[in-house]
Amino acid sequence: MTLVAGADFGTLSVRVTIMDTEDGRTLGSAAAPYPLKRSAEDPLLGQQAHADHMRALSEAMRAAIGAAGIDGQDIAAFAADTTGSSVVVVDAALQPLDDYYLWCDHRAHGEAAEITALARAEGLEAIDWCGGVYSHEWGYAKLLHFLRHNPDKRDRVATALEHCDMVAATLCGITELKALPRSVCSMGHKWMWSPRWGGLPPQDFLSRVDPLLDGINEKLAGRFGDSTEIAGHLSAHWAERMGLRAGIPIPFGAFDAHWDAIGSGCRIGDVVNVVGTSTCIIAVGDPATTPVPGICGAVPSSVIPGAMGIEAGQSATGDIFEAIARRAGSDVATLSREIVGHGPGSTGLLRLVWDNGDRTVLVRSDLGGVTLGWDLAHTAADELHAAIEGMAMHVRLIIERMGEGGLSFQRVINAGGIPQKNRVLNQVYADVMGVEVHVPASSPVGVGACIFAAIAAGAFPDIASAQARLCPQTEVFRPDPAAHAVYERLYALFTKVYHGLGETGSCELGAVLPELRRFRLGQVH
């Protein structure tokens, strides 16, 4: 029996999962929270403390060991995934100079705009692989914001790390700059790293963005690797705190959505919707896949070694469902029961899910949610159904845009925390896209981490064999041909309104509301 443990750091808590690699059982799991720091004076701020993360990890690990009823000394390897775009600036001893800029910290929007503008003006290849826009959530923008706003700390900056890399380095006791583990997932998707141009973007380009970035690439040195490689071994200090055995292997980390995709059983040719408060869309394609405008990242080996990992997403999903229910004085579960049996487009509402901006494909944080077609008889349940349809149509639009770069896919997987709770959502996704939607029977959160821990422990030779043993079974939702035919009509309206309201220029929208009324009256078949 080989036991492994994996941690998944989310926005508000960390969950540890312990699995038996012999029979694929989850023996125990536990979560521990940490605070999210917000500011009424600066609504763009979102921070967390490294010490809070590590305290919670130790608590969750010991609780999971207790729940599993095992001796922690028997765990053979440990792996951790984290949120992406969560950046910490540290000194030479790997001690934070400030709290993390969490993924939801958007203070660096000005710095990101400057990077994007210069990259476009100079034809920097790296910006094409970012979808044409460098995000205000990403590393160089946040690091530059820190340097501009903390002049008293500039001379102590040794480097900056993504959360997944900071966790691995901390647990292994690594502080030497050149030895720091740098995940190709984190550096490729957020720091414009790629083997195509020899690593990080040119230093002279960064220096032209702002001289404060002079020499920054030297400080971002380290060992770059994918999650099948070993980052280091657990130090005695952290082994004692976590209740584990010192010296067990720890692989390079990665982002939570990427490992959730692995835990869902994804392979080349799959698209995984990690549906939670927001949606992260992970596709695994041929290495020859090319960059596409509006798709925020294509990185070799970021998900599966040798394949192209492609990332996109929606800025809000479950958050929108919750907001609809909250405004109605209800809850999502109650409203979801009321929409069972709703037909395609039957509400006559068309919902653009921009309530937290558009991450893909327009990449505009300044957009807001839109619902068209209201009449006096509509209910909150009707809006929820329209929002689910809007989510599904937006996902279809994103996947079609990915196809412009050569991506071909065989199946769609709905992972994350919501699909297991909402059968209507899964069927709508299948009907809108006209493809089978596979839904894991249990949450894959933590399974991906255990898969990479198992590979590090030598329990499996590769990802595919580990997935065959450890991933949950899936339920398949098949598209209804009649419903798909109706959604073809609604999708045509959706794309017209999506581009008409989301992009500059004119668009004929006069026929939209009358067409939605025909849906409402059951005149579209």
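The values are calculated or read from the model by the stated rules, or taken from the named source; none is laboratory data. Computed from a predicted structure; not experimentally measured. Note that we place each Cβ from the backbone using ideal geometry, even for glycine, and neighbour counts take in every protein chain shown. Heads up: the accessible areas ignore ligands, DNA and RNA and are worked out on the full protein's heavy atoms, side chains in. Shrake-Rupley method; radii C 1.70, N 1.55, O 1.52, S 1.80 Å.
Tell me, please, whether a residue that is in a helix (DSSP H, G or I), within 24 Å of the chain's Cα centre (by Cα) and crowded, with 18+ Cβ neighbours inside 10 Å can be found in the range 91-105.
No; the residues of the range 91-105 include none that is in a helix (DSSP H, G or I), within 24 Å of the chain's Cα centre (by Cα) and crowded, with 18+ Cβ neighbours inside 10 Å.
What residue, of ARG182, ARG154, ARG196, ARG148, is open to solvent by 10 Å² or more (accessible area, probe 1.4 Å), closer than 20 Å to SER227 by Cα and in the same structural domain as ALA7 (by the TED database)?
Residue meeting the stated conditions: ARG196.
Select the strands (runs of 3 or more DSSP E) contained entirely in the range 213-264, then report the ones holding at least 1 residues which are in the same structural domain as ARG62 (by the TED database), over 23 Å from the mean Cα position of the chain (by Cα) and under 20 Å from ALA160 (Cβ atoms).
223-225, 230-233
I need a count of the residues in the range 265-295 that are open to solvent by 10 Å² or more (accessible area, probe 1.4 Å), within 11 Å of the chain's Cα centre (by Cα) and either modelled with pLDDT under 85 or under 18 Å from PRO472 (Cβ atoms) (or both).
2
Which residues, counting only those in the range 409-441, are assigned to a loop (DSSP other than H, G, I, E, B), among the small types (Gly, Ala, Ser) and in contact with a strand residue (DSSP E or B) (Cβ under 7 Å, 6 or more places away or on another chain)?
Of everything in the range 409-441, those that are assigned to a loop (DSSP other than H, G, I, E, B), among the small types (Gly, Ala, Ser) and in contact with a strand residue (DSSP E or B) (Cβ under 7 Å, 6 or more places away or on another chain) turn out to be GLY416, ALA441.
Taking the condition open to solvent by less than 50 Å² (accessible area, probe 1.4 Å), among the polar types (S, T, N, Q), in the same structural domain as TRP103 (by the TED database) and out of contact with any Lys or Arg (no Cβ under 8 Å at 6 or more places or on another chain), does THR170 pass?
Judged against the criteria, THR170 is a match.
Let me spell it out: the conditions are (1) at pLDDT 95 or above; (2) closer than 27 Å to VAL428 by Cα; (3) open to solvent by less than 40 Å² (accessible area, probe 1.4 Å), and VAL476 meets all of them except one. Which number is the exception?
So the condition that VAL476 fails would be (3).
Evaluate the following for PRO444: is it assigned to a loop (DSSP other than H, G, I, E, B) and open to solvent by less than 40 Å² (accessible area, probe 1.4 Å)?
Yes; evaluated as a whole, the condition is true for this residue.
Which of the residues belonging to the range 405-427 are among the hydrophobic types (A, V, I, L, M, F, W, C), open to solvent by less than 10 Å² (accessible area, probe 1.4 Å) and more than 28 Å from LEU3 (Cβ to Cβ)?
Answer for the range 405-427, where residues must be among the hydrophobic types (A, V, I, L, M, F, W, C), open to solvent by less than 10 Å² (accessible area, probe 1.4 Å) and more than 28 Å from LEU3 (Cβ to Cβ): VAL412, LEU425.
Of the residues ALA77, ALA68, which is modelled with pLDDT of 95 or more, open to solvent by 10 Å² or more (accessible area, probe 1.4 Å), more than 22 Å from the chain's Cα centre (by Cα) and closer than 24 Å to PRO472 by Cα? Don't jump to the end; show me each part of the working.
Working: ALA77 fails: open to solvent by 10 Å² or more (accessible area, probe 1.4 Å).
Residue meeting the stated conditions: ALA68.
Kindly evaluate ASP319 against the criterion of being without any contact (Cβ under 8 Å) to a residue 12 or more places away in the chain and either among the acidic types (Asp, Glu) or crowded, with 16+ Cβ neighbours inside 10 Å (or both).
Spelling it out, it is not the case that ASP319 is without any contact (Cβ under 8 Å) to a residue 12 or more places away in the chain and either among the acidic types (Asp, Glu) or crowded, with 16+ Cβ neighbours inside 10 Å (or both).
Restricting attention to the range 91-109, and to residues there that are of a type in the set (Phe, Trp, Tyr) and out of contact with any Lys or Arg (no Cβ under 7 Å at 6 or more places or on another chain), which single residue is farthest from GLU137 (Cα to Cα)?
Selected residue: TYR100.
If you scan the range 49-84, which residues turn out to be in contact with a strand residue (DSSP E or B) (Cβ under 6 Å, 6 or more places away or on another chain) and assigned to a helix (DSSP H, G or I)?
Within the range 49-84, HIS50, ALA56, LEU57, GLU59, ALA60, MET61, ALA63, ALA64, ALA67, ALA68, ASP74 qualify.
Listed residues GLY505, GLY510, GLY458; which is of a type outside the set (Lys, Arg), in a loop (DSSP other than H, G, I, E, B), open to solvent by 50 Å² or more (accessible area, probe 1.4 Å) and not assigned by the TED database to the domain that holds ALA316?
After ruling out the rest, the residue left standing is GLY458.
Before we move on, is THR26 surrounded by fewer than 20 Cβ atoms within 10 Å (Cβ to Cβ) and touching a Ser or Thr at 6+ places or on another chain (Cβ under 7 Å)?
yes
Would you mind listing the strands (runs of 3 or more DSSP E) fully within the range 302-397 where at least 2 residues are among the small types (Gly, Ala, Ser)? Can you show your working first?
On the way: elements: 308-314, 350-352, 370-372.
Fully inside the range 302-397 and qualifying: 308-314.
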